[in-house]
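**Q** Quick one: this structure, given as structure tokens, is what I'll be asking you about.
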Amino acid sequence: MAKTIMIVDDSASIRQVVGIALKSAGYDVLEACDGKDALSKLTGQKIHLIITDVNMPNMDGITFVTEAKKLPQYKFTPMMMLTTEAGTDKKMAGKAAGAKAWLTKPFQPPTLMAAVSKLVLP
Amino acid sequence: MTIETQEQNGITNITIKDEMTIYTALEQKNELAPHLKTDHELHINLSEVSEIDSAGLQILLFLKHEATTKNIDLSLLNHSQSVVEVLELLNLTAHFGDPIIISADWKSS
Amino acid sequence: MSELDAALETFAQEAEELLTEMEDSLLILEDTPDDSETINSVFRAMHTIKGSSGLFGFNLIVAFTHEAETILDQVRNGERSIDASLISTLLSCKDHTIKLLEFCFESPDADLPEDLQQTGDILIEQLTGQAKQEQLAVTTGTTEIENEGGDLSADNWLISLDFQQDALRNGMDPLSFIRYLKTLGEIKQILTSTPDLPSGNDMDPESCYLQFKILFKSDADKQTIEEVFEFASDDCDIKILPPDSQVEHYLNLLNTQTEEHVSLLGEMLIEAGAITKNDIDKALDAQSKQDPEQNEPAKPLGEILVEQQVIQQPVVEEALKKQEKTRQKVATESSYIRVDSNKLGQLINLVGELVISGAAMNLMVERHGLADVEEVATSMNTLVSDIRDTALELRMVQIGETFSRFRRVVRDVSKELSKDIELTISGGESELDKTVVEKINDPLTHLIRNSLDHGIESPEQRVQAGKPATGNISLNAFHESGHIVIQIIDDGAGLDSEKIVAKAINNGLITSAEEMSQQEIFNLIFEAGLSTKQQASSLSGRGVGMDVVKRNIEALRGSVNIDSIAGQGTTITIHLPLTLAIIDGFMVKTEHERYIIPLSMVEECVEMDAQEYEIDEIQHYVNLRGEVMPYLRLGDYFQNRKSHSKTGRESLVVVRFGQTKAGFVVDELLGEHQTVIKPLGKVFQSLKGITGATVLGDGNVALILDVQGLIRHATKNKQRIPSQLTSVA
């Protein structure tokens, strides 16, 4: 049974590349373009990992993680935050909200796959 | 109901018909724990456990531990592929001491 | 592959849109440079393009946009201002980014042509103000040696994982990490245990009780293995003991370390790869947690590391030996280092933020009534204020150096004026913030020139007056209740109060001097448009009046006062805060608004229903235990409150500035508060009675009171009725 990963990022190209990398490794991928869109797509299906950007229009990543953690079906879902190297405070805020994993932007697909595999193997 | 129970000849047969994960752990523990009070033997059928994570494993460890201290005979039967994978990863097959039958079609799936 | 091409297509479009938006925003910024939303959109353009480029492996673009992003982040955080030249550089950056993108799309693997490389370098230089070379120099020298370590590890790592109860709830599944670990090597043996598993109802199936001991065979280095558990580090106690065969390898590495690298035991061991940053942090943590009551000396770090099973004894011993050798060597070298003052400034800013966060934490602790947290919070507060003091101390310089510069000024000026004047300096060892020193230089120069020119008489006049022919100016400095006091004392002719009064009346500054004290009359010379010397000399009368001096000093939250005895001399006294960044404040509340009074100026607080004082509501003065002082209702002053309800209890805060005292009437006393001063925006700078603002723990803003200005305001009100006043006193 393939594991499902959701990627939330306002950059369509990042979503696309992350999607390609994850799919080719054998994961199912769900995409959302911001926190609000992502929340509306959390409809009870099983998601094994959520990867989310921080800086997004409509609803930022930290708010999204906080909201998603309130939903019973997703309160235990691992969350990974995409942060910039300068964003230590964002990382801490993300951790406080419940995103214990993080990935520093910019990253290349192998780094992404390594980080993802630590949390969920396909 | 994701857990089915049958009593027969002093044996309680339990079949877990769902994944055993952090999401189901609370419910499953609450449903399984009461069966530890009987002086019956406990047979837990794991053939329909589609997925098991650390929380699910903990439930099995908990049941085994409680059973041992209360002198209840507990056996795990018909492990599904995902259960076997975890028990082997953590070298726990000996701990539970139940024979594992590996189905021929697992490796190909 | 076609999917990836489609993604590239998306990226190209996205980048084009972002860059167009960036250009538009930059043009808007030319007119409104402070618009944070617009700045943010420029930042996001660079940020997003950098992120996507990294994903496609366009490292050229990552490197270039990274510089622009860094600068824009500074602009966004207010650390750097945006001006016309930066805007035009950024516009060029945008054009350059387009070219880079075109190049990368066409020939993704080729090297950058010379001309593009140059343009990029020039732009980066313009952005950062420094050449690019430095960045290339930053590569670590240890990687090569570490890779050789692979052959040496013939036996196994011992990894012990002790998961915390919250691990599962945080989405961390221990099984996942162990599965991933298997990709780095071979798990030789694994022991799963649950020693803390409660029985029956106490077992919470959502808590984690799992512990693992793993014998792991791998050629990976310690850092890599530790990174496997990186995400679990908050929820898991991780110990990784290297294989015994690695020990020799570490010993060799320690021996080859150059002496510049050798400083702290921990750093040495990290560099050798024997332990990781995490191990050290944990050991230091354990070191600080030792029971202080046992009165034992703190356990050495090395001992703790061995105890925590992250390293073998011989490695620590070798490192300690090496450390001792170097220490002896270093001790003989200089103990000073030069630090860029910007870095200190940045540190102090950060400490400021830390103080605010600390306040926020205190607030939460208090709000939620967390008694056990309170203890930790208190000790952290002590640390934070220690850090604050230490950080501020770093920037403290002695005022002596500034004083000495005036020797030259005095020598040159007295020659020019054919006067004979000597300068005496005392208290040069008094320290104050470098930023204050820099800003006090100009006003001091002006005041000294003024004394040289107007204060000290010519030698003939002096002899006539029965004084020594050589005049004397002394510069003196000392600390007084959180301030530094600087005095300029001359033994000249003193001020002529009648002349000052005549001139002031002439200029319409006052109508009569009847009710004014001698000192108030003297202080008139700091008002605009008053210069008593008949003809302004080239020295002091160069358009910068004493009013500018006063304004500059007040801008530093200081004050200046003048006192003089005719025929004997003049003393100018300047009070300055020691630092401009952080003060200890006293927080009060009135009309739901919170204000900060610099703590050093607070004398005492009195309940308004106490019997110790009488208050005169009409004349606006209070008689506190026989001492009469003016008072001010902060609520009335700041909010034009017409009537005040007498229902709530009020308090009187007695403040003192120099010799004058006044009372502020407030609704509530909130107590001491570490205050990080944030300057007011231009719009508010003309506001009377306020010198700055601060961000409180809950995110609200409190205004910092200009005590001196408010005292003056209160005193003015009082002076209308001097006759009644004396009768009360």
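The values are calculated or read from the model by the stated rules, or taken from the named source; none is laboratory data. Here the structure is a predicted model, which means the values were calculated and not measured. Cβ sites come from the backbone with ideal geometry, for glycine too, and all protein chains shown count toward neighbours.
**Q** Quick one: what pairs do we get from segment A:111-122, first residue more than 8 Å from chain C (Cβ to nearest Cβ), second in a loop (DSSP other than H, G, I, E, B), C-beta under 7 Å, 6+ apart or different chains?
**A** Hits for this filter: A:Pro122/A:Ala2; A:Pro122/A:Lys3; A:Pro122/A:Gly26; A:Pro122/A:Tyr27.
**Q** Hey, does segment B:7-30 have a residue that's without any contact (Cβ under 8 Å) to a residue 12 or more places away in the chain, at positive phi and more than 13 Å from chain C (Cβ to nearest Cβ)?
**A** Checking segment B:7-30: at least one residue is without any contact (Cβ under 8 Å) to a residue 12 or more places away in the chain, at positive phi and more than 13 Å from chain C (Cβ to nearest Cβ).
**Q** Of the conditions (1) at pLDDT below 80; (2) closer than 10 Å to C:Glu591 by Cβ, C:Asp667 fails just one. Which one is it?
**A** (1)
**Q** Being crowded, with 21+ Cβ neighbours inside 10 Å, more than 10 Å from the chain's Cα centre (by Cα) and assigned to a helix (DSSP H, G or I) is the filter here; which residues of segment A:65-94 pass it?
**A** A:Ala68, A:Gly94
**Q** Still on this structure, I have one more. Within segment C:199-226, how many residues are away from chain B (no Cβ under 14 Å) and either of a type in the set (Val, Ile, Thr) or farther than 18 Å from C:Ala283 by Cα (or both)? Give the steps one after another, and end with the answer.
**A** Applying the first criterion (away from chain B (no Cβ under 14 Å)) to segment C:199-226 yields C:217-226.
This time we only want the ones that are either of a type in the set (Val, Ile, Thr) or farther than 18 Å from C:Ala283 by Cα (or both), so: C:217-221, C:224-225.
Going through segment C:199-226 one residue at a time, the tally reaches 7.
**Q** Ok, one more. I'd like the residue in segment B:58-82 that is touching a strand residue (DSSP E or B) at 6+ places or on another chain (Cβ under 9 Å), within 12 Å of chain C (Cβ to nearest Cβ) and not acidic (Asp, Glu) and, out of all such residues, is nearest to C:Thr192 (Cα to Cα).
**A** Only one residue fits best here, namely B:Leu61.
**Q** Only residues that are in a loop (DSSP other than H, G, I, E, B) and modelled with pLDDT of 85 or more: list them for segment C:376-417, please.
**A** Passing the criteria: only C:Ile399.
**Q** Of all residues in segment C:90-128, which are closer than 30 Å to C:Glu9 by Cβ and among the hydroxyl-bearing types (Ser, Thr, Tyr)?
**A** Of everything in segment C:90-128, those that are closer than 30 Å to C:Glu9 by Cβ and among the hydroxyl-bearing types (Ser, Thr, Tyr) turn out to be C:Ser92, C:Thr97, C:Ser107, C:Thr119.
**Q** Is it true that C:Asn441 is farther than 28 Å from C:Glu393 by Cα and in contact (Cβ under 8 Å) with a residue 12 or more places away in the chain?
**A** no
**Q** Let me ask something additional. Which of the residues belonging to segment C:437-490 are outside any helix (DSSP H, G or I) and surrounded by 22 or more Cβ atoms within 10 Å (Cβ to Cβ)?
**A** Listed by number, the residues that qualify are C:Ile456, C:Gly471, C:Ile473, C:Leu475, C:Ala477, C:His483, C:Ile484, C:Ile486, C:Ile488, C:Asp490.
**Q** Still on this model: If I ask for residues that are surrounded by fewer than 18 Cβ atoms within 10 Å (Cβ to Cβ) and either within 12 Å of another protein chain (Cβ to nearest Cβ) or in contact (Cβ under 8 Å) with a residue 40 or more places away in the chain (or both), which ones from segment A:34-59 would you list?
**A** Scanning segment A:34-59 gives A:Gly44, A:Gln45, A:Lys46, A:Pro57.
**Q** Looking only at strands (runs of 3 or more DSSP E) that lie completely in chain B, which have at least 3 residues being surrounded by fewer than 15 Cβ atoms within 10 Å (Cβ to Cβ)?
**A** B:3-8
**Q** Do we have B:Asp53 as within 9 Å of chain C (Cβ to nearest Cβ) and touching a Ser or Thr at 6+ places or on another chain (Cβ under 6 Å) here?
**A** So B:Asp53 fits the description; yes.
**Q** While we're here: It is to be established whether one or more residues within segment C:55-69 are hydroxyl-bearing (Ser, Thr, Tyr), in a helix (DSSP H, G or I) and loosely packed, with under 15 Cβ neighbours inside 10 Å. Walk me through how you get there before you give the answer.
**A** Narrowing segment C:55-69 to residues hydroxyl-bearing (Ser, Thr, Tyr): C:65.
This time we only want the ones that are in a helix (DSSP H, G or I), so: C:65.
Right, trim to loosely packed, with under 15 Cβ neighbours inside 10 Å and you get none.
Within segment C:55-69, not a single residue is hydroxyl-bearing (Ser, Thr, Tyr), in a helix (DSSP H, G or I) and loosely packed, with under 15 Cβ neighbours inside 10 Å.
For every residue, the table says whether it meets (1) under 30 Å from C:His454 (Cβ atoms); (2) modelled with pLDDT under 80; (3) buried (at least 17 other Cβ atoms within 10 Å of the Cβ); (4) among the aromatic types (Phe, Trp, Tyr).
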{"site": "C:Thr573", "(1), (2), (3), (4)": "yes, no, no, no"}
{"site": "C:Val588", "(1), (2), (3), (4)": "no, no, yes, no"}
{"site": "C:Val602", "(1), (2), (3), (4)": "no, no, yes, no"}
{"site": "C:Asp609", "(1), (2), (3), (4)": "no, yes, no, no"}
{"site": "C:Glu614", "(1), (2), (3), (4)": "no, yes, no, no"}
{"site": "C:Gly626", "(1), (2), (3), (4)": "no, yes, no, no"}
{"site": "C:Leu632", "(1), (2), (3), (4)": "no, no, yes, no"}
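**Q** Please specify each residue of segment C:27-54 satisfying the condition of being within 30 Å of C:Ser107 (Cα to Cα) and touching a residue at least 12 places away in the same chain (Cβ under 8 Å).
**A** Step one: filter segment C:27-54 for residues within 30 Å of C:Ser107 (Cα to Cα), giving C:41-54.
Of everything in segment C:27-54, those that are within 30 Å of C:Ser107 (Cα to Cα) and touching a residue at least 12 places away in the same chain (Cβ under 8 Å) turn out to be C:Ser41, C:Val42, C:Phe43, C:Arg44, C:Ala45, C:Met46, C:His47, C:Thr48, C:Ile49, C:Lys50, C:Ser52, C:Ser53.
**Q** In segment C:179-206, what residues are under 15 Å from B:Leu61 (Cβ atoms) and touching a strand residue (DSSP E or B) at 6+ places or on another chain (Cβ under 9 Å)?
**A** C:Ile190, C:Leu191, C:Thr192, C:Ser193, C:Thr194, C:Pro195, C:Asp196
**Q** A further question on this structure: Against the definition (in contact with a helix residue (DSSP H, G or I) (Cβ under 7 Å, 6 or more places away or on another chain) and closer than 28 Å to A:Thr83 by Cβ), how does C:Ser52 come out, yes or no?
**A** On the way: in contact with a helix residue (DSSP H, G or I) (Cβ under 7 Å, 6 or more places away or on another chain): yes; closer than 28 Å to A:Thr83 by Cβ: yes.
Answer is yes for this residue.
**Q** From (1) touching a helix residue (DSSP H, G or I) at 6+ places or on another chain (Cβ under 9 Å); (2) farther than 21 Å from C:Ser207 by Cα, pick out the condition that doesn't hold for A:Met92.
**A** Condition (1) is where A:Met92 drops out.
**Q** Next question. Given the conditions (1) under 23 Å from C:Leu161 (Cα atoms); (2) at pLDDT below 75; (3) not in a loop (DSSP other than H, G, I, E, B), and given that C:Gly273 satisfies all but one, which numbered condition is not satisfied?
**A** So C:Gly273 meets the others, but not (3).
**Q** Residues that are under 16 Å from A:Leu119 (Cβ atoms), assigned to a helix (DSSP H, G or I) and in contact with a Gly (Cβ under 6 Å, 6 or more places away or on another chain): does segment A:24-36 have at least one?
**A** Within segment A:24-36, none of the residues are under 16 Å from A:Leu119 (Cβ atoms), assigned to a helix (DSSP H, G or I) and in contact with a Gly (Cβ under 6 Å, 6 or more places away or on another chain).
**Q** Same structure, new question: Checking C:Arg179 against (1) facing chain A (nearest Cβ under 10 Å); (2) touching a Phe, Trp or Tyr at 6+ places or on another chain (Cβ under 6 Å); (3) outside any loop (DSSP other than H, G, I, E, B): exactly one of these is not met. Which one?
**A** Looking at each condition in turn, C:Arg179 falls short on (2).
**Q** Taking C:Ile82, is it buried (at least 22 other Cβ atoms within 10 Å of the Cβ) and away from chain A (no Cβ under 12 Å)? Break it down into steps so the answer makes sense when it comes.
**A** On the way: buried (at least 22 other Cβ atoms within 10 Å of the Cβ): yes; away from chain A (no Cβ under 12 Å): yes.
Taking the combined requirement at face value, the residue satisfies it.
**Q** Among the numbered criteria (1) within 14 Å of chain A (Cβ to nearest Cβ); (2) loosely packed, with under 14 Cβ neighbours inside 10 Å; (3) modelled with pLDDT of 85 or more, which single criterion is violated by C:Pro108?
**A** Condition not satisfied by C:Pro108: (3).
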